[in-house]
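Q: Got a structure for you, questions after.
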Ligand code: SF4
């Protein structure tokens, strides 16, 4: 056994659990997540490793007193697994940890990988929320970015989810795609509003180095909307979703009242979480821990050493403050004024030239004792946050 890198956890706040399933039917052209084309022979070994990791880490940390507020199966495409495989992982979590009564259990599901019996089994096993990768409703755009499903398969998947009992469904949508017009984006938003999910995430495409789309872009014109159009697409999402009754609670996330994603709030509110699986990160007692990235190495590490934690980093007080600022300002509720002042080390907001300028220019505001990014500031939120750090 390797010496444990696990930190001692002292506080009693609820924890989130993240479970990484690193397999997809095929790779989308824009994706740089730690995921691989599914290899059925390797899957069961990976799941055995996952079950072992969950049990061993929970035992090593004697964590029974910490309640779990959320479990998130992400990837990859967790829904390509059989229901019984996912339920087995969930059972290991239940045996190792103490779940809150109203624990949120989310699972990422792609159209074309679910059917009614699978969905019913997941619902009955306690999965409370599904997050569906739709991205766009124009088949030509879906093909362009390497998605393997069609728009009608997305709609059918949504219907099956409802039929199985799910009453908390997120749809992931993307703007700024190659060949996507404003008309396409409005059609996608209106379709999503029309099918009636409880939550919508709207992300702009990011060209990540090393992806096929990035490579194509380097080699020539790929028909991306220009910056101004992309900003208008974002604003269109904000306006249309608000008019349809969704609350924008984070830069890219919109929820019907009562349906904010508990698990993502764990990250944005800088709460602690365990990450299980290949490449998963954990944030515990001021440390970030990293698991082995490659599934095969992850499985070997668990079998040989009883842990797959490959490294850890103690975050300095300065780094913790920066993270809190960066994450907190992504939320529309922003940060408590006193916390914000403590992070910047000022007694008064006007004592910081940067803050005073952003307040004067209408990018930041103070509402009910909290510093928030204004709607105008949302368009340039990332740049604003960088200016403050
Ligand atoms: S389905 Fe999701 S995780 Fe899988 S390749 Fe596509 S974007 Fe990446």
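Every number in this text was worked out from the coordinates using simple rules, so none of it is lab data. Just so it is clear, the structure is predicted and the values come from calculations on it, not from any experiment. Note that each Cβ is placed from the backbone with ideal geometry, even for glycine, and that neighbours are counted across all protein chains shown.
Q: Sort out for me the Cα centre separation of region 150-214 from region 236-283, rounded to whole Å.
A: After rounding, the separation between the Cα centres reads 16 Å.
Q: Based on a Kirkwood Rh over C-alpha pairs, give the Stokes-Einstein translational diffusion coefficient of region 14-125 at 4 °C and viscosity 1.567 mPa s in µm²/s.
A: Answer from the Stokes-Einstein relation: 88 µm²/s.
Q: Over the alpha-carbon set of region 333-388, work out the extent along each principal axis and list the three values in angstrom, largest first.
A: 28, 22, 17
Q: Could I ask something else about it? Would you kindly calculate the translational diffusion coefficient of region 127-175, applying Stokes-Einstein with the Kirkwood radius from alpha carbon pairs, for 4 °C and a viscosity of 1.567 mPa s, and quote it in µm² s⁻¹ without decimals?
A: So the translational diffusion coefficient is about 115 µm²/s.
Q: Could you tell me whether the chain comes out rounded, prolate or oblate from its Cα gyration tensor? Rule is a ≥ b ≥ c as square roots of the eigenvalues, rounded for a/c under 1.5, then prolate if a/b exceeds b/c, otherwise oblate.
A: oblate
Q: Hey, could you grab the Kirkwood Rh for region 251-348? Inverse mean 1/r over distinct alpha carbon pairs, Å, one decimal.
A: 15.5 Å
Q: Using only alpha carbon pairs under 8 Å that are at least six residues apart, calculate the relative contact order of the chain and give it in whole percent.
A: Rounded, it is 17 percent for the chain.
Q: Just want the ordering: 68, 206, from fewest to most Cβ atoms lying within 10 Å of their own Cβ.
A: Final ranking by Cβ density, sparse to dense: 206, 68.
Q: For the chain, what does -39500 (n - 2.57) per DSSP helix run (n ≥ 4), summed and divided by total residues, give at 222 nm, in deg cm²/dmol to the nearest 500?
A: Theoretical 222 nm ellipticity from helices: -12500 deg cm²/dmol.
Q: Need one number: the % of Cα-Cα pairs in region 139-237 sitting beyond the 18 Å mark.
A: Distances greater than 18 Å cover 52 percent of the Cα pairs.
Q: For each of 185, 191, count neighbouring Cβ atoms within 10 Å of the residue's Cβ, then give the residues from fewest to most.
A: The fewest-first ordering by Cβ neighbours comes to 191, 185.
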